[in-house]
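Here is the structure we will look at.
The values are calculated or read from the model by the stated rules, or taken from the named source; none is laboratory data. In this text, all values refer to a predicted model and were calculated from it rather than measured experimentally. Using ideal geometry, Cβ is built from the backbone for each residue, glycine included, and neighbour counts are taken over all protein chains shown. Note: areas computed on protein heavy atoms with side chains; ligands, DNA, RNA excluded. Shrake-Rupley method; radii C 1.70, N 1.55, O 1.52, S 1.80 Å.
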Amino acid sequence: MRAVATAAAKLLHAPRWEDAAPSVLAELGEATCSSTASLFQHEVVQGEPGFRVVSQWPSVPDEPPGLLFD
């Protein structure tokens, strides 16, 4: 829970949450021993609900994020 509280505080207090997102996702990913952590944004595209990846933390920085889901 500490990682979640820290992440929320960083995102809320950052001048631009987009700039804080990469480090926040890294902290959450490491705290939960995850291989990836992603932040999605809800969008409506041509009247249909959808989403897009806003930020992503891969555990292997040299690999493109798309390879992590193969």
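On a per residue basis, the range 1-48 carries 75 Å² of accessible surface, using protein heavy atoms and a 1.4 Å probe. Among the trypsin sites (Lys or Arg not before Pro) in the range 1-52, those placed in a DSSP loop whose Cβ has at most 10 other Cβ atoms within 10 Å are R16. For the pair A9 and E43, the difference between a 0.36 nm per residue extended length and the Cα-Cα distance amounts to 9.8 nm.
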